[in-house]
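For reference, the structure is listed below as structure tokens.
The values are calculated or read from the model by the stated rules, or taken from the named source; none is laboratory data. What you are looking at is a predicted structure, and each value in this text was computed from that prediction instead of being measured. Virtual Cβ from ideal backbone geometry, glycine too; neighbours counted across all protein chains shown. Calculation scope for accessible area: heavy atoms of the full protein, side chains included, ligands and nucleic acids excluded. Shrake-Rupley method; radii C 1.70, N 1.55, O 1.52, S 1.80 Å.
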Amino acid sequence: MAKETGSARAGSPLELTLRGVLLGGVITLLFTAANVYLGLKVGLTFATSIPAAVISMAILRGFKDSTIFENNIVQTVASAAGTLAAIIFVLPGLVMIGYWQGFPYWTTAAITGTGGILGVLFSVPLRRALVIDTPLPYPEGHAAAEVLRVGSESREGAEESAKGLSVLLWNALASAGFAILTQTRLAVAEASLWFRAGPGATGISGGLSFALMGVGHLVGISVGMAMFLGLVVGWWVLLPMLTAQNPLPGGAEVWATTVFSENVRFFGAGVIGVAAVWTLLRIAGPVIGGVRSAMAASRARHAGTVLAVEERDLPISIVFVGSLAMLVPIAVLLWSVIGSGPLAGSEMLLIFGALLFILVIGLLIAAVCGYMAGLIGASNSPVSGIGILSVVAASLMLVGLFGRGQGAEMTDALVAYALIVTGIVFGVATISNDNLQDLKTGQLIGATPWKQQVALVIGVLFGSLVIPPVLDLLNTAFGFAGAANAGPNALPAPQAALISTLAKGVLGGNLNWTMIGWGAAAGVVFVALDEVLGLMGRLRLPPLGVGIGIYLPMSVILPTVIGSVLGFFYDRWARQQRDPEFAERMGVLTATGLIVGESLWGVGFAGIVAASGSDAPLALVGDGFAGPALTGGTVLFFALVYMLYARTRRLVTSA
């Protein structure tokens, strides 16, 4: 790789260009709008870096002087903006509680933009600790790098590049094709079976998602098995016990999913909280080392030393001054929010407490989210779980300042303030969750870090300008479930509903602390288990992976686990081949294609849904076809997986 980078760098190729930034901005409009809609509809967003890289290469290939580095800048801009759309996990809560009637443009943009820029700045020193000096897999970072490499090298007509591009394209087409088939309802998108387990209830549920299978391949067997342990604990141990203790009317599915949402997820949040703290303790040394390394690089630059391109981050002085400078617009924003309402008269106390909270908690969350993204990928990193912990911490801060038992008007104002502060911190979380993935891509292809960091800031600005009108449009057209203006097609906005409920619960004194506490205790056990396995030289089970396996739905976790097992067996086969590195790279491209196809289709389908106003605009059959769709769809899904991996192996052995 070093040889490739040096060769590519010989001619001072184009990187941070105006056309690249503008193209990234255009792609941002599409991806951000799609992510906002899908996040409010189903509670999930998709990573935009890979589809952005594919689109960028297709367009910039028409320019003879375009480079892999310029394409990387395009995907960096679009990725940052698309990821920032996850702010919808918090801000709709302000409409749901009646504090906002719509989304005031500049206030919404300021909350989104200030948090996002802080996320970029906070993660600059983390790059050295979490991207360079770390064994973290960064699945989407590697996948995006492979996409860029194949797209760049295919011009030379090399046999390996041609085979890699073939794998990428065919797998992407198969992935997108199956996703389209699920939208026609000729095949199911999720296969599930719900049943009673003694006096309780549970089930087995798996999404038929090529993208999740690809992510599982890329994260590896250790993380996959940790997530499987979490799945077993959450769904097959806790859920039967808790449903038995909380009988509810309705079938096993409603019973199990209700108890999962109201209890098991809080247990998972407790595990994630302890694992996050442990992760911070473990990476404290490398993070401090990263800051020292960044400061040493800055001193060397000022002394006239010429740093390698790959070592040129934004100067640490700019990071420090920029972070402090961002507190000024945040303070002005918070002052305007307090206004002349019930909180008037406590401006200085509230603003000082919030700024300290944003600095301290924001920096910690940036480190944790960066680590989680490196561990399992930005798409599957449970940022909403970090949002839960953040809103609880912000609400507890306000309880400490004002106590409980305030009047209804005062309590509502405190809940709104907690949500706004959490919104800023959430911007830090979402961007740090994404941009270290982008910086990993840059490291793998030999890009210039400071140019990527500037592109990330530009992406944040694009996203913060696009998100408010999209939110306002959706609120006007549909409304949000539970809000005063909710229509018959109201968007559920599940995370925003949960986070606003948590804020009200902490400030009102009725939060489910019991499950959070039990989860924290279990987190200590999982940390100890992982350390013991490490000392014994056995397969590690990262506690964050376990917490994620408990917190996220089984339909997301199970295909990821299966993908990790497939990846394990493929890599074991690849290491026995004549050219193991090429064989393993072809495996990465196989998984990457699975992610690319479904991601690109997700963008297109979001536009179709938004334009048609229908939940199922492509449906060809009704509910009566559910049985054949389940059986046929499941068989077809695994048959395609087998054929695609078999094709990759044939291409490797024919080399």
> Which ones in the stretch 390-417 are buried (at least 22 other Cβ atoms within 10 Å of the Cβ) and either touching a Lys or Arg at 6+ places or on another chain (Cβ under 9 Å) or closer than 20 Å to G268 by Cα (or both)?
Replying inline: S390, V391, V392, A394, S395, V415
> So which residues in the stretch 529-555 are more than 19 Å from Y371 (Cβ to Cβ) and assigned to a helix (DSSP H, G or I), if there are any at all?
Replying inline: V532, L535, M536, M554, S555
>> Given (1) buried (at least 19 other Cβ atoms within 10 Å of the Cβ); (2) part of a helix (DSSP H, G or I); (3) modelled with pLDDT under 80; (4) not polar (S, T, N, Q), identify the lone condition not met by R155.
In response: (1)
> Quick one: which of L502, L507 is within 30 Å of G547 (Cα to Cα), within 23 Å of the chain's Cα centre (by Cα) and either free of Cβ contacts under 8 Å to residues at least 24 places away in the same chain or surrounded by 15 or more Cβ atoms within 10 Å (Cβ to Cβ) (or both)?
Replying inline: L502
> Do the conditions hold for G604, that is, is it small (G, A, S), open to solvent by less than 60 Å² (accessible area, probe 1.4 Å), assigned to a helix (DSSP H, G or I) and touching a residue at least 24 places away in the same chain (Cβ under 8 Å)?
Replying inline: no
> Looking only at the stretch 47-83, which residues are among the acidic types (D, E) and open to solvent by 10 Å² or more (accessible area, probe 1.4 Å)?
Replying inline: D65
>> Just the residues that are in a helix (DSSP H, G or I) and surrounded by fewer than 24 Cβ atoms within 10 Å (Cβ to Cβ), please, taken from the stretch 248-259.
In response: A252, E253, V254, W255, T257, T258
> open to solvent by 20 Å² or more (accessible area, probe 1.4 Å) and part of a helix (DSSP H, G or I): does that describe V264?
Replying inline: no
>> Based on this model, can you work out whether P104 counts as at pLDDT 90 or above and either more than 23 Å from Y37 (Cα to Cα) or surrounded by fewer than 22 Cβ atoms within 10 Å (Cβ to Cβ) (or both)?
In response: yes
>> Of everything in the stretch 107-127, what is at pLDDT below 90 and surrounded by fewer than 23 Cβ atoms within 10 Å (Cβ to Cβ)? Give them in sequence order.
In response: none
> Mind checking whether some residue in the stretch 185-195 is part of a helix (DSSP H, G or I), modelled with pLDDT of 90 or more and open to solvent by less than 50 Å² (accessible area, probe 1.4 Å)?
Replying inline: no
> Restricted to the stretch 550-573, and to residues that are touching an Asp or Glu at 6+ places or on another chain (Cβ under 9 Å) and closer than 18 Å to Y645 by Cβ, which residue is surrounded by the most Cβ atoms within 10 Å (Cβ to Cβ)?
Replying inline: Y570
> Residues I272, I283, I330, I338: which one is open to solvent by less than 20 Å² (accessible area, probe 1.4 Å), under 30 Å from A408 (Cα atoms) and at pLDDT below 90?
Replying inline: I338
>> I'm trying to understand the selection: among the residues of the stretch 555-586, which are of a type in the set (A, V, I, L, M) and either more than 26 Å from F638 (Cα to Cα) or touching a Leu at 6+ places or on another chain (Cβ under 6 Å) (or both)?
In response: I557
